[in-house]
Amino acid sequence: MQVNRILEVQDSETLPTLRSFLADWWRQYELDAMLAPVEQPEKARVISQVIEDPADLERVNPFAPLMFSNAAGEAYRLRQERQGARLAAILHPCEMRAYTELCKRERPKPTIESGLPAQGELVIFGVDCLGTLPTGDYQRKDPPGDLEEMTREALHDATWGGSHADQYRMACQVCDWPAPWGADVTIGTIGVDSDQTLLLLARDEDCDARLGWENLLPRRASEYQVSRREAVVGAIASSRADRRNHLLSDAAGHFHLDDLGAMLAWLASCSVCGNCLKVCPLYQGEMDSLAGVSHLSNSEHTALGELVHTSRWLASCSGCGMCEEKCNRNVPLTLFLSALSHRIREEIHYTPGSPGQRFPWIGG
């Protein structure tokens with residue numbers, strides 16, 4: 001059963017309070033390293049980086065509405081490369097979905113209880129996220145946006161669950177779920193008065209005990225606080241689903257998504273630079289053969305085999321939208337892939353990022 005605790009915010013300073021708490025927990029847990037969104041010295045960007053000193057938490061900012069890459073692959077590699085170390089990672093919901101999908105591909109097969117292989121010593125903090133701003137627009141600003149002010153506004157919007165959705169990246173406007181699934185700890189801000197409190201929700205009682213939460217967070221969240229967050233998260237998800245359906249309906253007319261020839265015409269503007277595939281945390285060469293390279297066996301290296309692998313990749317899409325962010329030809333990849341991936345998921349009854357659901361194509 002989930003254990004819901006309260007982090008009391010000091011002097012309405014939400015981010016400094018979280019940083020201080022993480023530093024205390026780092027020392028108590030004897031953490032070796034953490035992958036986290038780190039403010040850069042020029043205060044113009046937030047980039048996921050591995051830090052090894054709790055003093056560096058003074059630059060960590062998981063609330064800024066910016067995302068320049070999907071850190072799921074970095075988290076996965078960190079766990080693989082530093083086995084035996086005590087590690088942590090802070091991930092957005094779409095990064096958490098991608099991380100879960102990467103874990104599901106492991107052998108041995110996922111456990112029945114969690115749907116995931118044992119995470120070892122990597123503690124995942126998932127943070128609520130209303131959305132992130134288009135990085136291109138942000139980088140073109142002169143001077144760049146004030147991260148402190150942007151962070152305050154993001155937390156304020158999260159409290160009420162309201163914001164102008166069209167200010168966010170297209171992937172965020174059509175996000176399936178703005179809260180993390182399967183994290184060891186969820187940092188709850190949606191529907192929460194973050195000037196006063198943050199919710200820290202441990203996955204279960206064993207996780208709560210292992211992390212030593214009771215020593216650092218003796219106050220439990222009330223049923224009202226937890227249910228309010230859940231209600232606001234659900235309302236946002238419903239609103240985003242309506243927006244996705246509306247945008248896809250408009251796109252079907254504008255881009256003729258129901259017309260294969262029209263879709264191919266849009267894709268014809270692609271320069272085949274591969275930037276979209278390079279930034280996808282889940283891509284494992286499913287379309288390499290189009291560029292004359294193949295990782296498939298002879299039996300799989302057929303038109304049908306390539307379609308099967310591509311459909312599985314699309315079904316796993318976490319919806320982070322990094323592919324569109326890196327496209328220099330303005331191909332509307334988010335809507336294209338959203339239309340394709342949702343149709344595939346409906347057919348195979350699959351929800352990417354759900355920790356309790358196995359890949360439907362992995363037996364045994």
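The modelled label-to-label distance between residue 216 and residue 56, using points 7 Å beyond Cα along the C-beta direction, is 1.8 nm. Remark: 349, 156 ranked as 349, 156, counting other beta-carbon atoms within 10 Å and listing the fewest first. Protection proxy ranking of 216-228, 334-346, by the mean of other Cβ atoms within 10 Å over each peptide's residues and highest first, is 334-346, 216-228.
For residue 278 and residue 361, the FRET efficiency from 1/(1 + (r/R0)^6), where r spans their Cβ atoms and R0 equals 25 Å, is about 0.50. Only the Cβ atoms of Lys and Arg (+1) and of Asp and Glu (-1) were treated as charged; on that basis the dipole of segment 3-239 about its Cα centre amounts to roughly 720 debye.
Counting neighbouring Cβ atoms within 10 Å and putting the fewest first, the residues 86, 229 line up as 86, 229. Remark: the residue 238-residue 193 segment gains 14.0 nm on full extension, using 0.36 nm per residue and subtracting the alpha carbon distance.
Shape class for segment 175-217, computed from the alpha carbon gyration tensor (a ≥ b ≥ c): oblate, with a/c not under 1.5 and a/b at or below b/c. Among DSSP beta bridges whose residues both lie in segment 3-239, state the antiparallel percentage, nearest 5. Taking every DSSP beta bridge within segment 3-239, about 60 percent pair in antiparallel fashion.
Each value in this text was obtained by applying a stated rule to the coordinates, not by laboratory testing. This structure is a prediction, so every number in the text was calculated from the model and none was measured. Note: ideal-geometry Cβ built from the backbone for every residue, glycine included; neighbour counts use all protein chains shown.
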